[in-house]
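This report concerns only the one structure given below.
The values are calculated or read from the model by the stated rules, or taken from the named source; none is laboratory data. Quick caveat, the model's predicted, so the values are computed rather than measured. Note: ideal-geometry Cβ built from the backbone for every residue, glycine included; neighbour counts use all protein chains shown. Note: accessible area is taken over every heavy atom of the protein model, side chains too, but ligands, DNA and RNA are not part of it. Shrake-Rupley method; radii C 1.70, N 1.55, O 1.52, S 1.80 Å.
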Amino acid sequence: MLSLNHFYDESGPDHSCQRQDPIFMHDPRTLRPLSFSPRVPDSPTPTVINVVYFLHATYPPLKMPSGESYSARSHRALQALARNDHPRSLPDLIHHSALSRIQFLSLNRDVLSTISSFCPVSDALQLALTCKDAYDFTMPRILADVSIGDPGEDDGPDRLEAFCHFMLAAPHARMKHLRALRLLDGAFARPSNAGGRNGWGADYSPADSLAQLLRQATNLRVIHIRDAEPLFQADPAVQEALSQLSNLKELSLYYIGNSTLRAIAQLRSRPAVIENGLWKDGPRPQGDITPFGPYVSSLEHLKLWECGCMLESIVDKYVWPNVHTLDIGGRIAKISELAHAFPNLQRLTFFLEFSVKQETGPAVCWPELDYLETSAPIPSFPSPVRRLQIQYPIGTTMGTQNDLKTLPLMEKTNPVVLSCTISHKVPETMLERMKGCMPSLRYMELIVNDSGSRSTINWQSFQDWVERNLEIMRTTSIVGLCIAFAGPSMSPANGDARRRITNIARMLTRTIKTLEYVGVGQHDSIAPMYEVDCEWFRVASRPADDAHAPSLDSLSRSEGERVRAYLLDTPRE
């Protein structure tokens, strides 16, 4: 996804777009801190847009072969380019592609619009800057999903004000393209040195322009406002305009309070996704104040990251039959009460610090969940789970109680797919007990790290751990294993590193007779918990005796990604 911080108004003649001051910033990613500085590699990989623009600028149109339509041949060429895992050089692409025989902008406008809708916003923007015609058909792509507000690089309030003015200058031409608007951490933040101390202060001066924009954004489907409660208190007109939107499918208001709850309760839309984060309005009123009742039939995904207590007063009064995903943190009702309120739930995430009320009797819950993610052990969790992702490390210096509570969680969920992080100092008895708790396990993602204050280990410690625990893994029935160590990066281009990775893969496939796929690699401590840079192998054949290791096929990166996705979806037998 692109981070984009330039957008230019159309002010040039018919076939030029003259550069103006940047108006707004755009990033289609979701609710994480974003970086808005465009990064252009020294040698960019050719993509559909920059290749076809190069061809349009270089080659004259040629007559198409008899019997083959103009658009069909270009469509085949674009498909071939999109399928190429390792793009060739630009001259090769030009030589082999049918695009070298056409003038790109002479394609039908609907074809051009379709092409731009599949392009990254970076390519769409580059094409928009070439001429007025290109600007016109790429504008829907650029305006479709807009994000504003990284305080590290973006002057949020000024950018937001400029964006609102740009959209309101031609609302009939522009508003219809706006589908998603995300106002992130810095959208209303301005550098401040109040009291002689540098920091950030709140600036809600764009609120009036934002309210005007929302009144006309009739096609808006997604809106995220990080500072929702202080914004609504500063200018209630924004809350009123938001409530009148009729086509919202996803509503994210992170900092919430009484004004935010009123906005949700008064919505004309019936969103499928509602997200709330943290209460920011003094003590929460007692009683039934939760505004989710009107959305019993529409709601499919509910995110209450640090405010699970909002369900306490209504969890036994409503049933949301269509909710399939619940992300929840803070103080949480009994799991049996969640099961009653969300009977068809498939995915459940317990976020960061949370506490679950104890059951007072037998818990009647879901027959099985498809996915459970938890940041702390829940030994009393009552339902089987196809895929279990543990977001806390096993075997840390201070985590003995957590380890003991994790065993009943594994036993009761009996996952088919498991993702966990484990210290290389965990005793073998713990590993044996873990194996015995999960007889249905078929695919495991395992990150091995240190148990002390440092999270990383070196390659030798990782290799020693694998060799030491081979016998424990021998009797498992897993068909897939992705194993990585938390440590310094190992470039696959390095011959010695690749030999060591391959040796580990052979050792594992030789020991575990059921293993069909294995990935071996490294995990960066600053990356998401189970994002691993690894080499994947497929067992091509096994010898008749145990004296020889199986024959392995090395997979490309894209093949490895497809294998991992396939293994994560392994069903319960």
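If you add up the charges near ARG215, with Lys and Arg at +1 and Asp and Glu at -1, over every other residue whose beta carbon is less than 12 angstrom from its beta carbon, what do you get?
Charge balance in the 12 Å sphere: -2.
Only protein atoms count toward the accessible area here, which uses a 1.4 Å probe; on region 290-375, the carbon and sulfur part of that area reaches 51 percent. Accessible surface ranking for TYR295, TYR566, 1.4 angstrom probe, highest first: TYR566, TYR295.
Once you sort the root eigenvalues of the Cα gyration tensor of region 516-573 as a ≥ b ≥ c, which label holds: rounded (a/c under 1.5), prolate (a/b larger than b/c) or oblate (the other case)? Prolate is the answer for region 516-573, as a/c is 1.5 or above and a/b outweighs b/c. A full extension of the chain between THR514 and LYS176 corresponds to an added length of 116.2 nm, given 0.36 nm per residue minus the alpha carbon distance.
The length gained by stretching the chain between LYS280 and ASN258 to full extension, at 0.36 nm per residue less their Cα-Cα distance, is 7.0 nm.
Give me the mean projected area, in nm² to one decimal, of the convex hull enclosing the Cα positions of region 240-342.
The orientation-averaged projected area of the Cα hull of region 240-342 comes to 5.8 nm².
Counted residue by residue at 0.36 nm each, then reduced by the alpha carbon distance between them, the extension gain from SER117 to GLU531 reaches 146.2 nm.
State whether region 121-262 is rounded, prolate or oblate according to the following rule on the C-alpha gyration tensor (a ≥ b ≥ c being the square roots of its eigenvalues): a/c under 1.5 gives rounded; otherwise a/b larger than b/c gives prolate, and the remaining case gives oblate. Taking the square roots of the gyration eigenvalues as a ≥ b ≥ c, region 121-262 is oblate.
Treating each Cα of region 198-297 as an identical point scatterer and ignoring solvent, apply the Debye formula and state log10 I(q)/I(0) at q = 0.12, 0.14, 0.20, 0.23 Å⁻¹. Each listed q maps to, in turn, -0.37, -0.51, -1.02, -1.31.
When you restrict to C-alpha pairs under 8 Å that are six or more residues apart and normalise by the size of region 200-311, the relative contact order lands at 23 percent. Each Lys or Arg adds one and each Asp or Glu takes one away; over the other residues whose Cβ falls under 14 Å from the Cβ of ALA241, this sums to 0. Each of SER297 and GLU353 was given a label point 7 Å from its Cα along the Cα-to-Cβ line. The distance between the two points is 4.1 nm. In percent, how large is the relative contact order of region 327-471, given Cα pairs closer than 8 Å and 6 or more residues apart? For region 327-471, the relative contact order is 17 percent.
What does the net charge come to around LEU267 if you take all other residues with beta carbon closer than 14 Å to its beta carbon, with K and R at +1 and D and E at -1? Around LEU267, the surrounding residues sum to +2.
For a modelled paramagnetic label at THR400, 7 Å from Cα along Cα-to-Cβ, the residues of region 407-436 in reach, with backbone nitrogen under 19 Å, are 407-408, 423-434.
Counting heavy atoms of the protein chains alone, LYS357 has an accessible area of about 100 Å² for a 1.4 Å probe. Heavy-atom accessible area with a 1.4 Å probe sorts THR475, THR325, THR360, largest first, into THR360, THR475, THR325. Here the translational diffusion coefficient of region 423-573 follows from Stokes-Einstein with Rh set to the Kirkwood radius across Cα pairs; for 37 °C and 0.692 mPa s it amounts to 207 µm²/s.
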